[in-house]
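Structure, as structure tokens:
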Amino acid sequence: LVRYCRLLPCRPTPEDVMQHEGIGVELFLALQSQGFDLLKHGQTWRGLWRKGEVNRALRVVEAQTLAAERSKGKSRVWTPLLGSIVLRKIDVKELASEQLLIQEGVEMHHCVGGGHYADECSRGECVVFSLTHSVSGAKATLQLVRNPNKSDWRIGQLAGAGNARPSAIFWEVAKYLR
């Protein structure tokens, strides 16, 4: 916390930040432990709250914590539809267990590790893929959702690290997979 507070223009103490901005020590440490580098030079907690960045990061941490607690000692596994393939220099790996979803959520800093994704995947309502460019190492996560008529799939979500928009090649692969 002190390391981040030094980046703020007014150099408040950690207690000042928590009292003035309404953030608790537990939240700050949880976000920091998950790799969220929320405060950049010149930013304040107030600005981050306004942008929703702290709330977004908190939702990711809560989903990952909940999923990790649910899967202690047991990880649900389901039959993969596709497995692993390579398309246009993109390694496509289906995430066919709750543990793989949690791991992807932690690595990519988004909520795919939340318990409801495992529920939907195990019921066959959606399928989640980890996409990695074999040359650049860029990554994205793809969720395909079964259409109500059960005969085809649509792109539910495609997100890079921290829910960033992935490059065009990932969209091409996603369209092919659906």
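For the reader, a short list of remarks on this structure follows.
- Note on region 96-158: along the principal axes its Cα atoms extend 37, 23, 16 Å, ordered by decreasing extent.
- Per-residue ³J(HN,Hα) for region 91-102, Karplus 6.51 cos²θ - 1.76 cosθ + 1.60, θ = phi - 60°, Hz, x for Gly and Pro: 7, 10, 10, 6, 8, 10, 7, 4, 5, 5, 5, 4
- Modelled this way, with points 7 Å down the Cα-to-C-beta line, the labels at residue 172 and residue 132 are 2.1 nm from one another.
Laboratory data are not the source of any read-out in this text; all were calculated from the coordinates shown. Every value quoted in this text rests on a predicted model; they were computed, and no experiment measured them. Glycine also receives a Cβ, built like all others from the backbone with ideal geometry; neighbour counts cover every protein chain displayed.
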